[in-house]
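Just below is one structure, and these are the notes that go with it.
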Amino acid sequence: MLIAAAVRLAAAGYRISGGTRRVPGRHDDDFAFHEGDPLDEEPVDDGNARPALSPRESEVLALLAEGAPNKVIARRLNISVHTAKFHVAAILIKLGAANRTDAIAIAMRQGLVLV
């Protein structure tokens, strides 16, 4: 599953929304990088003061981490698909994420979800 692979890469410190970076203290030879990659830059601080997720948003985030689409989120939480989309959008904004996969990666780095 592509989402699971993306989440594993994100957990390893690779940004999904643009560029790559190293995780401090981790040295993998599994990937080849080219000159000009922003690998030697300081890690991006994803711990900026952001609004906390509501309990319902935390439930939605956990389902996102499982790879659930909005329809499944809605069914599992007994809410409408529109409400599921609303919660996903709020999560993206609060975490400063570009997309669902980026949101999962940020949440994992912040310890909000475990996969």
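Highlighted here are the helices (runs of 4 or more DSSP H) found entirely within the range 50-115 that include at least 1 residues which are open to solvent by less than 30 Å² (accessible area, probe 1.4 Å) and free of Cβ contacts under 8 Å to residues at least 24 places away in the same chain: 55-65, 70-77. Residue count for the range 76-91 under the criterion of being in contact with a helix residue (DSSP H, G or I) (Cβ under 9 Å, 6 or more places away or on another chain), more than 12 Å from Ser58 (Cα to Cα) and of a type outside the set (Gly, Ala, Ser): the result is 6.
The values are calculated or read from the model by the stated rules, or taken from the named source; none is laboratory data. Everything numeric here is computed off the predicted structure, so don't read it as measured data. FYI the Cβ positions are ideal-geometry reconstructions off the backbone, even for glycines, and counts take in every protein chain you see. Surface areas here come from the heavy atoms of the whole protein model, side chains and all, with no ligands, DNA or RNA. Shrake-Rupley method; radii C 1.70, N 1.55, O 1.52, S 1.80 Å.
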